[in-house]
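The values are calculated or read from the model by the stated rules, or taken from the named source; none is laboratory data. Note that the structure is a prediction, hence the values are computed from the model and not measured. As a convention, Cβ positions derive from the backbone with ideal geometry for all residues, glycine included, and neighbour counts pool all protein chains shown. We work out accessible area using only protein heavy atoms, side chains counted, and drop any ligands, DNA or RNA first. Shrake-Rupley method; radii C 1.70, N 1.55, O 1.52, S 1.80 Å.
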Amino acid sequence: LFSSSHTGTLQVTIRRIKMKALCYSSFGGPEVLEYLELPEPNVGEDQVLIRTRAIGLNFADIYRRKGNYHQSGSSPWILGYEGSGVVERVGSNVKDVKVGDRVAFADSPFANAELVAVDSQKVIPLPNDISFETAAALLLQGLTAHYLVHDSFVIQRESVAIVHASAGGVGQLLTQLIKMKGGKVIGLTSSQEKREIALSAGADLVFLYSEDWVELCKKRRKRRKGSGCLL
């Protein structure tokens, strides 16, 4: 904003654009969340400014809100670590992303806001046939599942994996990745309804936690050859 003073000099006032964000200033349940108006984030030379269209929600967000995880900086804190949207601005060093691109991002803080500044190396191009909602729901859980089958334990053909919480988000993705790599999945879950979900994701067998699943898995293991792991 520009204005003239009585002396004829030009005064310049810079007003940062505001955005809406889901924040909290104290730890606790959902009641501590506040919908606030905050200045839009600064964009570094290696960052991309994204206007969010969908934002992921994970258990880690709940743990942070409750104070179970360490918080850096000062309140109010903005929740969220993954999302998707459209690029509005790029830093001077960013060459492979441009304004208007559909993108997703993961492992980047302050996602629960209209605008998010994300390191360009954490920005993933989003094909037109993948919705913003699907991308925002997939990345952190998908990266976790990918890590488990490639780094934590290398799944090979005929590997037998016991997958805890096999009806959950990570569990279903993990089951599908194991099957794609030729492995076998024994799922564990807590109810008959969840058993059906795990089976529909591709699990070969599913035991309930209320059963003696340890002995059932041991018996199954003796019947067949192959490496095994617990995920």
The chain - percent of accessible surface contributed by carbon and sulfur, probe 1.4 Å: 54 percent
Cα-based Rg / Dmax (Å) for the range 140-204: 10.7, 31
Calculated volume of the Cα convex hull per residue in Å³ (choose from (1) 126; (2) 168; (3) 251), label: (2)
The chain, accessible area per residue, ligands and nucleic acids excluded (1.4 Å, Å²): 59 Å²
DSSP bridge pairs, the chain: antiparallel proportion in percent, nearest 5: 75 percent
The chain - mean residue ellipticity at 222 nm from DSSP helices (-39,500 (n - 2.57) per run, n ≥ 4, rounded to 500): -7500 deg cm²/dmol
Rounded if a/c under 1.5, otherwise prolate or oblate - the range 50-163, Cα gyration tensor axes: oblate
Segment L33-K181, extension gain: residue separation times 0.36 nm, minus the distance between their alpha carbons: 49.1 nm
Nitroxide proxy distance, nm - points 7 Å out along Cα→Cβ at S75 and R51: 3.2 nm
Relative contact order %, the chain, counting alpha carbon pairs below 8 Å whose residues are six or more apart: 15 percent
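So which of K66/K184; K20/K66; K194/K219 end up more than 27 Å apart by C-alpha?
K66/K184
Would you please report the Å³ per residue occupied by the convex hull of the alpha carbon atoms in the range 94-153?
Here the figure is 114 Å³ per residue.
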Partner aspartates and glutamates for K95 [C-alpha distance under 18 Å; skip if fewer than 8 residues away on the same chain]: E45, D46, D119
Magnitude of the charge dipole, the range 152-222, Cβ model with Lys/Arg +1 and Asp/Glu -1, debye to 20: 340 debye
